[in-house]
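Undergrad: Provided herewith is a single structure, encoded as structure tokens, for subsequent inquiry.
The values are calculated or read from the model by the stated rules, or taken from the named source; none is laboratory data. Just so it is clear, the model here is predicted, and its values are computed rather than measured. Here the Cβ is made from the backbone with ideal geometry for all residues, glycine too, and neighbour counts use every protein chain on show.
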Amino acid sequence: MLTIVCVATAMAWFVSSSGLAKTIAEAVLAGFSSKIALLTVINILLFILGCLIDPTSIILLTCPIIIPITQSLGMSSVAVGAFMIMNIAVGMVTPPFAGTLYVANQIAGEKSIAPITLKLWPYIVLMFAITLLVAYVPDISLMLRSFWG
């Protein structure tokens with residue numbers, strides 16, 4: 001895992017400092033006419049990456065690209081961070097590559113992941129629904145910040 005984080009950090013630095021992030025952001029924005037469509041693609045990408053890679057690497061690899069895209073759509077970095085983390089968390093508990101489920105399964109002493117997965121599906125669906133709500137209604141994630149001034 002440390003190797004992945006080191007490579008992701010180096011790549012994030014290169015993408016940010018070379019201006020590649022801005023070029024990719026401009027190309028992506030040119031390809032999408034709808035904010036909803038673009039957010040849907042970002043949500044699906046983060047969900048799939050959350051199923052496959054550890055969260056630190058995903059954040060390091062995708063933030064330099066996703067933040068400029070979403071800021072040009074007028075979204076707050078706080079709102080983007082909230083839905084990014086929530087997407088990654090949903091991906092981490094969704095089979096077949098749910099590393100978090102395998103760890104919880106071993107702690108529970110179960111031999112198969114099937115019993116835990118069957119009990120978790122309603123919660124996974126609820127997590128995904130809340131994630132989409134936070135992504136498409138960014139004021140939800142900014143609500144606490146507005147309470148504190």
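Undergrad: Just for region 113-132: of the residues that are touching a helix residue (DSSP H, G or I) at 6+ places or on another chain (Cβ under 8 Å) and either over 21 Å from PRO55 (Cα atoms) or of a type in the set (Ser, Thr, Tyr) (or both), which one is surrounded by the most Cβ atoms within 10 Å (Cβ to Cβ)?
TA: This residue is THR131.
Undergrad: Suppose the filter is touching a residue at least 24 places away in the same chain (Cβ under 8 Å) and over 28 Å from MET143 (Cα atoms); does LYS22 pass it?
TA: Considered against the rule, which asks whether it is touching a residue at least 24 places away in the same chain (Cβ under 8 Å) and over 28 Å from MET143 (Cα atoms), LYS22 comes out as yes.
Undergrad: Right, here's the next one. Yes or no: ASN43 in contact with a Gly (Cβ under 7 Å, 6 or more places away or on another chain), part of a helix (DSSP H, G or I) and in contact (Cβ under 8 Å) with a residue 24 or more places away in the chain? First the steps, then the outcome.
TA: Working: in contact with a Gly (Cβ under 7 Å, 6 or more places away or on another chain): no; part of a helix (DSSP H, G or I): yes; in contact (Cβ under 8 Å) with a residue 24 or more places away in the chain: yes.
Judged against the criteria, ASN43 is not a match.
Undergrad: Filter region 90-142 down to the residues that are without any contact (Cβ under 8 Å) to a residue 12 or more places away in the chain and among the polar types (S, T, N, Q) and list them by number.
TA: Listed by number, the residues that qualify are THR100, ASN105, GLN106, SER112.
Undergrad: Being part of a helix (DSSP H, G or I), of a type in the set (A, V, I, L, M) and at pLDDT below 85 is true for just one of LEU142, LEU132, LEU126. Which residue is that?
TA: Only one candidate passes the filter, namely LEU142.
Undergrad: Return the residue satisfying two criteria in turn: it lies in region 90-104 and is assigned to a helix (DSSP H, G or I) and at pLDDT below 90, and of such residues it is nearest to ILE48 (Cα to Cα).
TA: GLY91
Undergrad: Can you tell which of LEU61, LEU38, LEU29 is within 15 Å of TYR136 (Cα to Cα) and either free of Cβ contacts under 8 Å to residues at least 12 places away in the same chain or part of a helix (DSSP H, G or I) (or both)?
TA: Of LEU61, LEU38, LEU29, the one residue that is within 15 Å of TYR136 (Cα to Cα) and either free of Cβ contacts under 8 Å to residues at least 12 places away in the same chain or part of a helix (DSSP H, G or I) (or both) is LEU38.
Undergrad: Identify, please: which residue in region 69-82 is touching a Leu at 6+ places or on another chain (Cβ under 9 Å) and outside any helix (DSSP H, G or I) and is, among those, farthest from ILE42 (Cα to Cα)? Let's see the steps before the verdict.
TA: The initial filter retains those residues of region 69-82 that are touching a Leu at 6+ places or on another chain (Cβ under 9 Å), namely 69-70, 72-73, 75-76, 78-79, 82.
When the remaining residues are screened for being outside any helix (DSSP H, G or I), the result is 73, 75-76.
On the way: LEU73: 13, MET75: 13, SER76: 15 Å.
This residue is SER76.
Undergrad: For residues that are among the β-branched types (Val, Ile, Thr) and within 8 Å of the chain's Cα centre (by Cα), scanning just region 83-111, find the one that is farthest from LEU45 (Cα to Cα).
TA: ILE85
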